[in-house]
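We did not get these values from a lab; they are worked out from the coordinates using the rules stated. Keep in mind that this is a model prediction, so the values were computed, not measured. Every residue, glycine among them, receives a Cβ derived from its backbone with ideal geometry; neighbour counts consider all protein chains shown.
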C-alpha cells in the first residue's frame, strides 16, 4: 500500500464542481491499494498516518501527531500512486489492485483510521474529483507498506 500524506491547513474535495467533503487543519492522505496488499498493510499505513509526528509542538519541533493535535483527515483513493515509470513515458498501473478488490480495502482502511478517534472525511472511490488544499509547510510524506518499492 502506498500513501502520500500532506499536512494541510485545509482541504476541500469537489465532485462535479460541488463540495463533497472538507477538512480544516490535519492531513490529506492519498492512498493506493497495491496488488498483494493485506490487512497488515492497511494496519501499518493507518497506524503511520495517525501517529506520524509532523505537527509542531510549542518549541516548533515536529513532535505531535494527528491524534495529538485533534486534527482531521481526508482520505482519497488514488491508483496512480502505483505508477511504474521505468519504461517509456506512459506509466503502467500494473501494481494497482483490481478495482473490485481495492474498493473494499479502501473502505476498510478508512474504518481503521476512524477507529483511532480521528475525524475522517473521504472521497468517492473511482470518481473524478478535484481537490483544493492549502499545504502547511509544505510537509509531504510518502509511505509504502513494502518499503523496498520506493
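The per residue volume of the convex hull around the alpha-carbon atoms of the range 85-125 is 105 Å³.
Pairwise inverse Cα distances across the chain, averaged and inverted, put the Kirkwood hydrodynamic radius at 15.7 Å. Sorted ascending by nearby beta carbons within 10 Å, beginning with the fewest, 68, 41, 17 become 17, 68, 41.
Tally the DSSP beta bridges in the range 2-144 and give the antiparallel ones as a percent, rounded to 5. Could you put the intermediate results ahead of the total?
Working: 27 of 37 bridges.
Here the antiparallel bridges make up roughly 75 percent for the range 2-144.
Within the listed set 90, 108, 25, the Gaussian network model of the chain (springs between alpha-carbon atoms below 10 Å) gives the highest mean-square fluctuation for 90. As a rough footprinting exposure proxy, the listed residues 93, 44, 106 were ranked by other beta carbons within 10 Å of their own, and the order from fewest upward is 93, 44, 106.
Put in order of Cβ neighbour count within 10 Å, fewest first, the listed residues 55, 94 become 94, 55.
Quick check on the chain: helices-only [θ] at 222 nm, where DSSP H runs of length 4 and up contribute -39,500 (n - 2.57) each and the sum goes over total residues. Nearest 500, please. If you can, show how the numbers build up before the last one.
Working: 3 runs with 33 residues, N = 150.
Computed ellipticity for the chain at 222 nm equals -6500 deg cm²/dmol.
Hey, what did the chain get for relative contact order, percent, Cα under 8 Å, at least 6 apart?
Working: 308 pairs, mean separation 55.4, N = 150.
Relative contact order comes out at 37 percent.
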